[in-house]
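Remarks on the structure that follows.
The values are calculated or read from the model by the stated rules, or taken from the named source; none is laboratory data. Please read all numbers here as calculations on a predicted model, not as lab measurements. With ideal geometry, Cβ positions are generated from the backbone for all residues, glycine too; neighbour counts draw on all protein chains shown. Side chains included, ligands, DNA and RNA excluded: accessible areas come from the protein's heavy atoms. Shrake-Rupley method; radii C 1.70, N 1.55, O 1.52, S 1.80 Å.
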Amino acid sequence: MKYKWLLFDADNTLWDFSAAEAAALEKVLLSTDIVWSQDVLADYRTINHKAWSDYEAGVLPKSQLRTIRFKRLLEAYQVDHPAEELSLNYRNYLAQSTHMLPGALDLLNKCNGEYQLGLITNGLKEVQRPRLAATQLSPYFEFIVISDEIGVAKPSAAFFDVAYEQMGGVEKHEVLVIGDNPNADVAGALAYGFDACWLRHPGVADRKHLGETYRIRDIRELEQVLA
């Protein structure tokens, strides 16, 4: 086998974060004067993407990440409501989600035993740990690295240092990172010396010069990559 280790991103790589996010946001907005709609969801996703991108780039402090997304959403709709309350409720709803991408669990079952598996995720511990328990994924992985728990996020080399230290001196070319984020997952892995498989979901803009080792459109296609 070319690879000894497979390192999976979590959100929108194994978990269907898009579905979980939409369900949690719809519930949390019931307590506000913002009427749920697909437009509101799109606006929130734009705000959320910007916040996480700034956090991953080291521009936004972790201490602000939890609430600033809802502060900006409330400001955009000119609604007076405690952002901290919305943030807490949203994280609680999200932590309960069990949405998985089609075929993700079957893939893990096929890879388990053939490869050593790790989970590397940019996320909040109070969301990711309960979701791991709810979806019963933890036993598949030799180790789990969550950005919120170590104080640094992908694509930082310091994040990948933490993961690499768990792998017992394996050669970097024997590690494949699988993820949907072209910057955090793919560019970060390649810069560190790992191979990278970009899960480019339909509708996501192309990155012609990304340099990924492999590209797939569905997580189930990884089986063909590894064959």
Looking at D54 and the list (1) assigned to a helix (DSSP H, G or I); (2) more than 16 Å from the chain's Cα centre (by Cα); (3) farther than 21 Å from K27 by Cβ, which single condition is not satisfied? (2)
If you scan the stretch 111-140, which residues turn out to be under 30 Å from M1 (Cβ atoms) and either in contact with a Pro (Cβ under 6 Å, 6 or more places away or on another chain) or loosely packed, with under 15 Cβ neighbours inside 10 Å (or both)? N112, G113, E114, Q136, S138, P139
Any residue that is at pLDDT below 95, basic (K, R) and not in a strand (DSSP E or B) - is there at least one of those in the stretch 195-208? yes
Inspect the stretch 165-173 for any residue being surrounded by fewer than 22 Cβ atoms within 10 Å (Cβ to Cβ), in contact (Cβ under 8 Å) with a residue 60 or more places away in the chain and in contact with a Ser or Thr (Cβ under 9 Å, 6 or more places away or on another chain) and give the result as yes or no. no
Among (1) under 30 Å from V170 (Cβ atoms); (2) open to solvent by less than 30 Å² (accessible area, probe 1.4 Å), the one test that F17 misses: (2)
Taking the stretch 30-46 and keeping only residues that are part of a helix (DSSP H, G or I) and open to solvent by less than 30 Å² (accessible area, probe 1.4 Å), one is left with V40, L41, Y44
Wholly inside the stretch 92-182, strands (runs of 3 or more DSSP E) that include 2 or more residues that are out of contact with any Asp or Glu (no Cβ under 7 Å at 6 or more places or on another chain) are 143-146
If you scan the stretch 148-160, which residues turn out to be at pLDDT below 95 and touching a Lys or Arg at 6+ places or on another chain (Cβ under 9 Å)? D148, G151, A153
Within the stretch 177-187, can one find any residue that is surrounded by fewer than 21 Cβ atoms within 10 Å (Cβ to Cβ) and more than 16 Å from the chain's Cα centre (by Cα)? no
Checklist (1) part of a helix (DSSP H, G or I); (2) open to solvent by less than 40 Å² (accessible area, probe 1.4 Å); (3) more than 22 Å from D180 (Cβ to Cβ) applied to K27, failing item: (2)
